[in-house]
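Accompanying notes for the structure given below.
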Amino acid sequence: MRRATIGIGLLMGALTLGPATRGADLAGVARVSDGDTLVIGDAHVRLFGIDAPEKAQTCVDARGRDWACGAAARARLTALVAGQRVHCAPVDRDRYDRTVARCRAGGRDLGGVMVAEGLAWAYTRYSVAYVETEALARADRRGLWQGEAQVAWSYRARAFVPASGGDDAADRECRIKGNINARGERIYHTPDSRWYARVHVNEAKGQRWFCDETEARAAGWRPVGGGG
């Protein structure tokens, strides 16, 4: 049932835009900007469904030492595309006007490899395509999962303070889902929650995204499975 649910979620994510909106496939030699972004010709391509550490970001390894996880992610993606012709199937365009695409090189799904090796997170705000892959990487304590790592969207949120002083969830790119059920209960779901992939945030109905559990509780939401 869980696999079927994830498959449905992935299909829905893939159908967010029609073929005409997605544009033509891209192919060619790629340069690497960071652990989740390529440049093919004049096109800047953001890998669909993943979020990698920022270039300057550091993490903590299994021995409690800092390591340059952002640089490591960039180096690994560089190695994956080196000497290869990269093929990208556009899915969307992001707010920075980059093409968001599923990309392959040497017969390998680049996003999948990055998540499987623990060098990127499944970007579940936009897709559940790599949730199971991330779970395996986490269980094996690969890469980012060997010690401590701040998720990239939170790292960017702390680095960027809007001029208005606001706290827009769309800018913060947080992924805890605040849902309101049929009984009007405010319940939040973290990415490892059983029903996470089946929950869809409808902000028009008062549902919302949170960056951490403290924020969710302070706003009046309780964790899924909790009482009250």
Exercise. Among the residues of the stretch 202-228, which ones are at pLDDT 80 or above and of a type in the set (A, V, I, L, M)?
Worked result: 216, 218, 219, 224
For this session: Report yes if residue 95 is under 22 Å from residue 200 (Cβ atoms), over 13 Å from the mean Cα position of the chain (by Cα) and either in a helix (DSSP H, G or I) or of a type in the set (D, E, K, R) (or both), otherwise no.
Result: yes
Seminar exercise, completed: Scanning the stretch 126-144 for residues that are crowded, with 19+ Cβ neighbours inside 10 Å and on the phi < 0 side of the Ramachandran plot gives 126, 127, 128, 129, 130, 131, 133, 134, 137, 144
Seminar exercise, completed: Here the residues within the stretch 194-206 that are assigned to a loop (DSSP other than H, G, I, E, B) and open to solvent by 20 Å² or more (accessible area, probe 1.4 Å) are 194, 195, 200, 201, 202, 206
Exercise. Within the stretch 207-221, how many residues are within 25 Å of residue 134 (Cα to Cα) and outside any loop (DSSP other than H, G, I, E, B)?
Worked result: 7
For this session: Report, by residue number, each residue of the stretch 138-183 that is in contact with a Ser or Thr (Cβ under 7 Å, 6 or more places away or on another chain) and either aliphatic (A, V, I, L, M) or at pLDDT 90 or above (or both).
Result: 176
Seminar exercise, completed: The number of residues in the stretch 92-112 that are charged (D, E, K, R), without any contact (Cβ under 8 Å) to a residue 24 or more places away in the chain and open to solvent by less than 50 Å² (accessible area, probe 1.4 Å) is 1
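Would you mention how many residues in the stretch 1-54 are of a type in the set (Lys, Arg), modelled with pLDDT under 90 and farther than 17 Å from residue 130 by Cα?
1
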For this session: Go through the stretch 58-91 and give me each residue that's touching a residue at least 24 places away in the same chain (Cβ under 8 Å) and either under 16 Å from the mean Cα position of the chain (by Cα) or assigned to a helix (DSSP H, G or I) (or both).
Result: 69, 70, 72, 73, 74, 76, 77, 78, 80, 81, 91
Exercise. Restricting attention to the stretch 99-155, and to residues there that are aliphatic (A, V, I, L, M) and assigned to a loop (DSSP other than H, G, I, E, B), which single residue is farthest from residue 25 (Cα to Cα)?
Worked result: 149
Exercise. Only one of 80, 119 is over 24 Å from residue 191 (Cβ atoms) and either open to solvent by 50 Å² or more (accessible area, probe 1.4 Å) or modelled with pLDDT of 95 or more (or both); which?
Worked result: 80
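The values are calculated or read from the model by the stated rules, or taken from the named source; none is laboratory data. Predicted model only: the values in this text are computed from it and were never measured. For neighbour counting, all protein chains shown are included, and Cβ atoms are generated from backbone atoms with ideal geometry for every residue, glycine included. To get the accessible areas, we keep the full protein, side chains included, count just its heavy atoms, and leave off ligands, DNA and RNA. Shrake-Rupley method; radii C 1.70, N 1.55, O 1.52, S 1.80 Å.
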